[in-house]
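Engineer: This structure is in structure tokens; I'll ask about it shortly.
What follows draws every value from the coordinates through simple rules; no lab data is involved. Not measured: the values here are computed from a predicted model. Using ideal geometry, Cβ is built from the backbone for each residue, glycine included, and neighbour counts are taken over all protein chains shown.
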Amino acid sequence: MQTLNGPFFSGLQDLSGRPHITFECDVPTQRVGTYDTQLFEHFFQSMVATSGMTLHVRKLAGKNSHHIIEATFKAFARALRRACEVDPRRAGAVPSSKGVLTQK
């Protein structure tokens, strides 16, 4: 979960090789500066399709478009780091229930 200036998010990832996205995050404006906010969801759809990850993004609160986008990217980055970093408590084991992370 990530919060930043009001928005509150839940983000889950699985680096499974099975691409799937659930994206429940509306952005109230068409643009933030010159950025077309339709590209926001498209970025995550492309990331999922290319990487083979499963991703769930859910906005729980927030109204400011800039803060919504920023908090979502931060939550995504933190979840990705947790999904692939080695946990020293697991004696260097790969953080996977299958014991392996592969690239296709």
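Engineer: Give me a comma-separated list of calculated 3J(HN,Hα) values for region 34-47, in order, Karplus coefficients 6.51, -1.76, 1.60 applied at θ = phi - 60°, integers in Hz, x for any Gly or Pro.
Structural biologist: Values, residue by residue: 9, 7, 6, 5, 5, 6, 4, 5, 4, 4, 5, 4, 5, 4 Hz.
Engineer: Sticking with this one: When the label point is put 7 Å from the Cα of residue 66 along its Cα-to-beta-carbon vector, which residues of region 12-50 have a backbone N closer than 18 Å?
Structural biologist: 27-38, 40
Engineer: Ratio of alpha-carbon Rg to the 2.2 N^0.38 Å globular estimate for region 7-56, to two decimals, please.
Structural biologist: Relative to the rule-of-thumb radius for its length, region 7-56 sits at 1.25.
Engineer: Could you give the length gained by full extension between residue 49 and residue 35, i.e. 0.36 nm per residue of separation minus their alpha carbon distance, to one decimal place?
Structural biologist: Contour length minus the Cα-Cα distance gives 2.8 nm.
Engineer: Could you list which residues have their amide H under 5 Å from that of residue 21, counting only those 5 or more apart in sequence or on another chain, with H placed in the peptide plane?
Structural biologist: 55
Engineer: Right, next: Using only alpha carbon positions, build the gyration tensor of region 2-90, then give the equivalent ellipsoid semi-axes as the square roots of 5 times its eigenvalues, largest first, whole angstrom.
Structural biologist: That gives 24, 16, 10 Å for the three semi-axes.
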